[in-house]
1. Sort Cys349, Cys131 so that the residue with the fewest other Cβ atoms within 10 Å of its own Cβ comes first and the one with the most comes last.
2. Report the local net charge at Tyr203: Lys and Arg +1, Asp and Glu -1, summed over other residues whose C-beta lies under 12 Å from its C-beta.
3. How do Leu237, Leu249, Leu329 line up, fewest other C-beta atoms within 10 Å first?
4. Apply the Karplus curve 6.51 cos²θ - 1.76 cosθ + 1.60, θ = phi - 60°, to the phi angles in the stretch 189-194 and return the couplings in whole Hz, x for Gly and Pro.
5. To make sure I understand, if each residue's beta carbon is the centre and we count other beta carbons within 10 Å, what order do Thr94, Thr13 fall in, fewest to most?
6. Karplus couplings for the stretch 312-326 from phi (6.51 cos²θ - 1.76 cosθ + 1.60, θ = phi - 60°), rounded to Hz, Gly and Pro as x?
7. Over 24 Å, how big is the tail of the calculated P(r) for the stretch 1-130, in percent of all Cα pairs?
8. Quick one: P(r) of the stretch 194-280 from all Cα-Cα pairs, 5 Å bins, percents rounded to integers, in order of increasing distance.
Amino acid sequence: MQSFYYLGLMSGTSLDGADIVYVEFKKDKSELITFDLIASKTYNYSQEWVSKLSKLTEDSALNFCKTDVYLAVLFSSWIEEFIKEFQIDKNKITAIGSHGHTIFHQIDKKFSTQIGNGNTISVMTQLPVVCDFRMKNVQYGGQGAPLVPVGDFDLFSLEADSFLNIGGICNISYKQNNQIIAYDICPGNLPLNKLSQLLGKKYDKNGLIAKSGEINFFLLDMLNELPFYKINKTKSLGVEWLENEFYPLIKMDHSIEKNLRTIVEHIAIQVAKVLNDNNINSVLLSGGGAKNTFLVERIQHYYKGKIKLPSTSIIDYKEAIIFAYLAHLRWNNQNNCLSSVTGSKKDMCTGVIYYP
């Protein structure tokens with residue numbers, strides 16, 4: 001049995017913070033990969049950083065470049081703090097798998113941009129860093145997303161038939177004719193958190209605010225009729241789509257509670273439709289939205305199959321674990337990005353390696 005140790009770092013679009021994990025991957029003689037999550041922690045962004053990152057799409061090129069490096073400095077300080085707190089032997093770590101923080105995702109213009117400069121992290125931590133997982137795929141005609149399905153099926157295939165991550169965006173992965181299919185379904189926590197913050201809440205805990213509201217059926221119909229939902233598979237969503245297509249619609253109802261309730265119903269309908277239309281018997285949930293009990297109840301209301309909730313550590317850290325795994329595959333020059341998932345011209349090994 002061989003063991004390999006990696007750090008994984010994931011900063012999601014919902015801007016709640018960065019997840020860091022320390023993972024041991026084990027490979028037996030049959031090449032079967034298993035893992036142990038040794039340590040994990042979430043580092044929250046200050047309000048200053050939330051504001052800075054949320055406005056960066058409209059900022060100057062100079063501030064964009066500065067933020068790219070300064071965010072890497074912040075990530076590096078968190079990594080060093082993490083290593084010290086959990087008494088991790090640096091010499092054991094092969095590399096850090098860093099997703100970075102997505103600022104732009106404009107596939108029609110051929111780019112997807114994540115900040116958190118890999119060179120800076122590598123020099124400051126004195127560890128190799130694997131990052132920039134998306135752009136090579138985009139240049140080969142893919143969506144650059146989603147990236148987690150390889151990890152879903154390599155690491156969690158015994159848990160369920162499909163995998164739904166409810167982060168800022170909801171994304172699904174499942175197998176069809178023995179081929180992995182994955183794509184973004186609809187918004188997730190991004191609009192829910194945005195509305196909750198107007199009420200002075202960081203997020204709608206357990207969906208209680210949404211539960212108190214009434215559905216605006218006119219708005220619900222308009223959301224369900226958005227053109228994105230008519231696109232067949234291999235599709236992805238970014239913040240730009242929300243700003244241009246989604247948010248303008250919800251401004252017509254001034255009740256935040258009604259908007260929250262309507263969006264929860266919209267998410268539940270879209271998620272369940274994908275699960276039911278593809279005859280998926282079970283789904284494993286992860287991401288912050290898996291803790292939104294009201295949202296999970298509404299998905300189950302429409303979904304004919306079984307929803308499975310893993311341990312809290314997997315709900316919270318599955319994506320960070322998988323980015324550590326994607327780094328492991330890149331380190332060994334193995335494919336970690338699939339054409340069946342992204343729509344690219346071929347399967348590929350993505351990620352740029354920076355050495356200290």
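Derivation of every value follows stated rules applied to the coordinates shown; laboratory data play no part. What you are looking at is a predicted structure, and each value in this text was computed from that prediction instead of being measured. A quick note on method: Cβ atoms are made from the backbone with ideal geometry, for glycine too, and the neighbour counts reach across all protein chains shown.
1. The fewest-first ordering by Cβ neighbours comes to Cys349, Cys131.
2. Summing Lys/Arg as +1 and Asp/Glu as -1 gives +3.
3. With the fewest neighbours first, Leu237, Leu249, Leu329 line up as Leu249, Leu329, Leu237.
4. Once rounded to whole Hz, the list reads 6, 4, x, 5, 5, 4.
5. With the sparsest Cβ surroundings first, the list reads Thr94, Thr13.
6. Calculated HN-Hα couplings, in order: 4, 5, 6, 3, 6, 10, 4, 5, 5, 4, 5, 6, 5, 5, 4 Hz.
7. 34 percent
8. 3, 13, 22, 25, 20, 12, 5, 1, 0
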